[in-house]
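Heads up: the structure comes next, in structure tokens.
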Number of protein chains: 2
Amino acid sequence: MSVELDQEAFSNLSYGLYVLSSHDEDSLNGQIVNSVIQVTYDPIRVAVTVNKKNLTHRYITKSRAFAISVLDHSTPISFFELFGFRSGRDVDKLSKVRFKRGITGCPVVEENALSAMEALVFKEVDLGTHTIFIGNAAASEIFREGEPLSYQYYRDDMNGDTSPTAPNFSPVD
Amino acid sequence: MSVELDQEAFSNLSYGLYVLSSHDEDSLNGQIVNSVIQVTYDPIRVAVTVNKKNLTHRYITKSRAFAISVLDHSTPISFFELFGFRSGRDVDKLSKVRFKRGITGCPVVEENALSAMEALVFKEVDLGTHTIFIGNAAASEIFREGEPLSYQYYRDDMNGDTSPTAPNFSPVD
């Protein structure tokens, strides 16, 4: 193994693409994330990694809750332009898509979503630039059948960019 | 959102498939995992979730290091029968595949792998049944170009089973 880290080796890790959303009372926001995983099944817990600079990060630390919508394979690139590359400080993203308030108070994005889940923060792990939020699943719902969008398809076939705040951003790309 | 949790919603989360390996001095072991993610890029850190019952879990807590090999799309089902559904307590899995010892001392599985990385444990998060190990990347290498195997392809096209120790095991499947 080379002691030089080859970023390309890490780009072989597989991910999906999701909207992560949260709220601070009636202020709502969402962003695109790739690093959602289920970490236990008894009880069901999910983990998501978020950059501390992001508004959604601040809302999760306030509300102690988050929602995740699993994006459909057919999600258009315009959806990523809205949710992935603009800050909720500059634009009211939720005003532009179909969503509902979930039982945790989080906005649950339904547009382009196959399913969604809500979670209450159980633990958070400080990683310097990012935080891993681990949540106890509080609700979940399937909207329709379909194929989930993979990060690989977004990157390789849709020519989608990766946000500089993403945990797997590669400065040398 | 239904307060009843629909496990099907969580099965829409996307994963890859990997060999996670570690050692306790000259005792070596590896297992199949799906929940590997990069969590920061400065420095590069990866997280993996492992069931406490697994021998590899014990080895990681001893050596404070782990290796991850990214499996190729063409990995045969027999490889999963060896690495995914047998305990290293009963069989010397590493004696049956091509690997090398990495700079962390971990066995780095090369067989059916596109790339690999080694990491030194930086934090661990206790989740009851499972632990999330977060590691600082110590080395990485690309073996060859190819398409990484996705968990979805393994499950849906190869009819692969999920181990009852996996973090996304579904008792109702």
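Every number here is computed from the coordinates shown, using simple stated rules; none is lab data. Everything quoted here is computed from the prediction, not taken from an experiment. In this analysis, Cβ positions are derived from the backbone assuming ideal geometry, glycine residues included, and neighbour counts consider all displayed protein chains.
Using DSSP to define loop residues, name the trypsin sites (Lys or Arg not before Pro) in region B:36-116 whose beta-carbon has at most 14 other beta-carbon atoms within 10 Å.
In loop regions of region B:36-116 (DSSP not H, G, I, E or B), the sparsely surrounded trypsin sites (Lys or Arg not before Pro) are B:Lys52, B:Lys53, B:Arg86, B:Arg89, B:Arg98.
Just how large is the dipole of chain A about the Cα centre, in debye to the nearest 20, putting +1 at every Lys and Arg Cβ and -1 at every Asp and Glu Cβ?
Magnitude of the dipole: close to 680 debye.
Residues of B:140-146, mean number of Cβ from any other protein chain within 10 Å of their own Cβ, rounded to a whole number?
Per residue, the number of nearby Cβ atoms from other chains is 4 on average.
So which of A:Lys62/B:Lys62; B:Lys100/B:Lys123; A:Lys96/B:Lys123; A:Lys62/B:Lys53; A:Lys53/B:Lys123; B:Lys53/B:Lys96 end up more than 31 Å apart by C-alpha?
Over 31 Å apart, Cα to Cα: A:Lys62/B:Lys62; A:Lys96/B:Lys123; A:Lys62/B:Lys53.
Under 10 Å, Cα contacts only: if you run a Gaussian network model on chain B, which one of B:His57, B:His23, B:His130 comes out with the highest mean-square fluctuation?
Sorting by GNM fluctuation, first place goes to B:His130.
For the protein assembly as shown, give the magnitude of the charge dipole about the Cα centre (Cβ charges: +1 Lys/Arg, -1 Asp/Glu; no others), in debye to the nearest 20.
Magnitude of the dipole: close to 1000 debye.
Loop by DSSP (not H, G, I, E, B), at most 11 other beta-carbon atoms within 10 Å: where is the longest site-free stretch of chain A for GluC sites (Glu not before Pro)?
Result, exposed sites excluded: A:26-144.
Using 7 Å Cα-to-Cβ label points, what is the A:Ser87/B:Arg64 separation (nm, one decimal)?
3.8 nm
If you take each beta carbon of peptide B:77-83 and count the beta carbons of other chains within 10 angstrom, what is the mean?
Taking all residues of B:77-83 together, the mean is 0.
Placing +1 on the Cβ of each Lys and Arg and -1 on the Cβ of each Asp and Glu in region B:15-156, which of B:Thr49, B:Tyr151, B:Phe99 has its Cα farthest towards the positive end of the resulting dipole?
Positive-most Cα among the choices belongs to B:Thr49.
Provide an ascending nm list, one decimal, of label-point separations from A:Pro43 to the equivalent residue in each further copy; define each label point as 7 Å from Cα along Cα→Cβ.
In nanometres, ordered from closest: 3.5.
Taking neighbour counts of Cβ atoms within 10 Å as a proxy for exposure, in what order, fewest first, do A:Ser21, B:Ser163, A:Ser87 appear?
A:Ser87, B:Ser163, A:Ser21
Just B:Leu127, B:Leu28, B:Leu17 to compare: in a GNM of chain B, with alpha carbon springs under 10 Å, which one fluctuates most?
B:Leu127
Compute the separation of the alpha-carbon centres of region B:71-85 and region A:42-105 and state it in Å as a whole number.
35 Å
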